[in-house]
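Here's the structure we're looking at; comments come further down.
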Amino acid sequence: MVALSANFALYGDMSDRMMSLAAGLGPSQEIYSIDESFIDLTGVRGDLVERSHKIRARILQWVGIPCGVGIGATKTLAKLANHIAKTAERKPGIYPDKLAQVCNLAALEDSERDAVFAATAVNEVWGVGRQISKQLQEGGIHTVLDLMRLDPATVRGKWSVVLERTVRELQGTPCIDLEHTPAAKKEIACTRSFGRPITEQHHLAEALTEFASRAAEKVRKQHSQTGQVLVFVRTSPFRKDLQYSRSVVIPLRRPTSDTACIVKAALQGLNHIFKPGFNYAKAGVMLLDLQPDTQQQTELDLEDGDAEEDRSRLMTAMNTLNQRFGKGTVLTASAGLDGVRREWSMKQLRRTPAYTTRWDDMPVARP
């Protein structure tokens, strides 16, 4: 086992490359997480298993990432098929060899499918958490097959509508639509643990300025505005002496996505909760009360000099420059100087090179 520092730029770029190749499976795609997506196969003709093997081989060759492909009539079945495809390859003997790497549940005979479901624990089903799994097992429901054979109405009455939906999906009835456009987040947070203990308020101010700026960029990206800014600081939970953890919510007079306004609120929050004499290990900013930027409730401007100028073009320019030339190209002054080692930065002493996003880190083949 080798322990390495996080390299978010590399991870994000490799994810984008993998997702662009996976999109070749079908006409539409929902990116579910950094390493997982759903593909709509409606209207795709031919052998789906063969097509999936070709896409998988292309991802492995072009990106270097092995993956599994699961095919099912619903999103829950597709997730389950993906688990089966990976397990069949890593642990031969649990499932038929033909299901390794690519598993198409829709192509199995009923008897084959039931045998596969009987060999799969109920806690492997998407949406069945630890507590629900424990309750199901106490009721004699140990496998996916046991869960699939339950009556949905009974499940709804004894457990919840969510589990009823899961059962219906296992039975082949789609209840969860493919999200072509990700839903706007209700909260946006940016938090980090520090590379070393921080004791000075101005160092915390630099970190919170950076976090607030990143959160503001995210809220603009989803065309929202925030009405409240939450700020927190805390010491290491592993130290039993001098423990301290505080948070505060700063309400904004008007909802905004302006970096300067959000940073100002974050620093006001820090002034309220900072106490000297502690070794701070983590801090963060969370934007609450998010709403679309197309709707905004304001008040009459009855105070001299209280009018806020429209800075949306400035914020757009900041986003554009940082996207084009890299994060930190344009930043708020209270974040400190970019390129200078800041006290609160992560150590990342064992970070791998950014092979695909930095010219200096690009490997060079020599004759």
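The values are calculated or read from the model by the stated rules, or taken from the named source; none is laboratory data. These figures come from a predicted structure and were not determined experimentally. Don't worry about glycine lacking a Cβ; one is built from the backbone with ideal geometry, like all the others, and counts go over all protein chains shown.
Just name the residue that is nearest to Thr76 (Cα to Cα) out of those in the stretch 89-139 that are over 27 Å from the mean Cα position of the chain (by Cα) and among the aromatic types (Phe, Trp, Tyr). Checking each candidate, the answer is Phe117. Of all residues in the stretch 1-27, those satisfying the criterion of being at pLDDT 90 or above and hydroxyl-bearing (Ser, Thr, Tyr) are Ser15, Ser20. For the stretch 1-57, residues that are farther than 27 Å from Pro363 by Cα and of a type outside the set (Lys, Arg) total 27.
Being in contact (Cβ under 8 Å) with a residue 12 or more places away in the chain, more than 21 Å from Cys175 (Cβ to Cβ) and of a type in the set (A, V, I, L, M, F, W, C) narrows it down to one of Ala107, Ala115, Ala81, so name that one. Outline the logic, then answer.
On the way: Ala115 fails: in contact (Cβ under 8 Å) with a residue 12 or more places away in the chain; Ala81 fails: more than 21 Å from Cys175 (Cβ to Cβ).
The match here is Ala107.
Residue count for the stretch 34-70 under the criterion of being of a type in the set (S, T, N, Q) and in contact with a helix residue (DSSP H, G or I) (Cβ under 9 Å, 6 or more places away or on another chain): the result is 2. Against the definition (at pLDDT below 90 and in a loop (DSSP other than H, G, I, E, B)), how does Pro197 come out, yes or no? So Pro197 fails the test. Within the stretch 142-154, being under 22 Å from Gly72 (Cα atoms) and not acidic (Asp, Glu) holds for His142, Thr143, Val144, Leu145, Leu147, Met148, Arg149, Leu150, Pro152.
Would you say Ser133 is of a type in the set (S, T, N, Q), loosely packed, with under 14 Cβ neighbours inside 10 Å and without any contact (Cβ under 8 Å) to a residue 60 or more places away in the chain? No.
Within the stretch 201-219, is even one residue assigned by TED's automatic domain parsing to the domain that holds Ala317 and assigned to a strand (DSSP E or B)? Full working, then the answer.
Step one: list which residues in the stretch 201-219 are assigned by TED's automatic domain parsing to the domain that holds Ala317, which gives 201-219.
Checking which are assigned to a strand (DSSP E or B) leaves us with none.
Checked against the condition, which is being assigned by TED's automatic domain parsing to the domain that holds Ala317 and assigned to a strand (DSSP E or B), the stretch 201-219 yields no hits at all.
Return yes when Ala78 is closer than 30 Å to Val162 by Cα, in a helix (DSSP H, G or I) and more than 18 Å from the chain's Cα centre (by Cα) and no when it is not. Taking the combined requirement at face value, the residue satisfies it. For the stretch 110-127, enumerate the residues that are over 17 Å from Ala88 (Cβ atoms), out of contact with any Leu (no Cβ under 7 Å at 6 or more places or on another chain) and either part of a helix (DSSP H, G or I) or among the β-branched types (Val, Ile, Thr) (or both). Within the stretch 110-127, Asp110, Ser111, Asn123 meet the criteria.
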